[in-house]
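The values are calculated or read from the model by the stated rules, or taken from the named source; none is laboratory data. Source: prediction; values computed, not measured. Reconstructed Cβ throughout: ideal geometry from the backbone, glycine too, with neighbour counts over all protein chains shown. Note: areas computed on protein heavy atoms with side chains; ligands, DNA, RNA excluded. Shrake-Rupley method; radii C 1.70, N 1.55, O 1.52, S 1.80 Å.
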Amino acid sequence: QVQLVESGGGLVQAGGSLRLSCAASGRTFSSAALGWFRQAPGKEREFVAAISGSGMSTDADSVKGRFTISRDNAKSTVYLQMNSLKPEDTAVYYCAATPSPRLRRLGSEYDYWGQGTQVTVSS
């Protein structure tokens, strides 16, 4: 079993930065694939970024060049550094994990989810 707890959300002006953290419990964290997703009001959940057990990463075109996913296995934590934030980045951000180490972009491929953290970007 893996439990995920996100933090770091908040209110920021357009052009600003935030770093989200997701602390995980569970012995399989170091080899797990991890991802960040977001859901804006009235919209479906969408993929943001993912990192494999070996450290390979991928991200959505909408955040490319602005967001960076990383992991610290010693701290069992995955991060999402968000720079040059835009109002359209406003959403609840969720981290997700699966024991399989392969890089994954689909929410349906993840087994564990955090409770979410709100990010609001004002114009």
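Quick notes on this structure:
- Failed item, numbered, when L20 is tested on (1) surrounded by 22 or more Cβ atoms within 10 Å (Cβ to Cβ); (2) of a type outside the set (D, E, K, R); (3) closer than 17 Å to E109 by Cβ: (3)
- The residues in the range 31-43 that are within 16 Å of the chain's Cα centre (by Cα) and either polar (S, T, N, Q) or open to solvent by 40 Å² or more (accessible area, probe 1.4 Å) (or both) can be counted, and the count is 1.
- Residues within the range 89-108 that are touching a residue at least 60 places away in the same chain (Cβ under 8 Å), open to solvent by 10 Å² or more (accessible area, probe 1.4 Å) and more than 18 Å from G8 (Cβ to Cβ), tallied: 8
- Pick from the range 62-88, criterion charged (D, E, K, R) and under 20 Å from Y110 (Cβ atoms), ranking: surrounded by the fewest Cβ atoms within 10 Å (Cβ to Cβ): D72
- Among the residues making up the range 1-30, a single one is modelled with pLDDT under 95, aliphatic (A, V, I, L, M) and over 14 Å from the mean Cα position of the chain (by Cα): V2.
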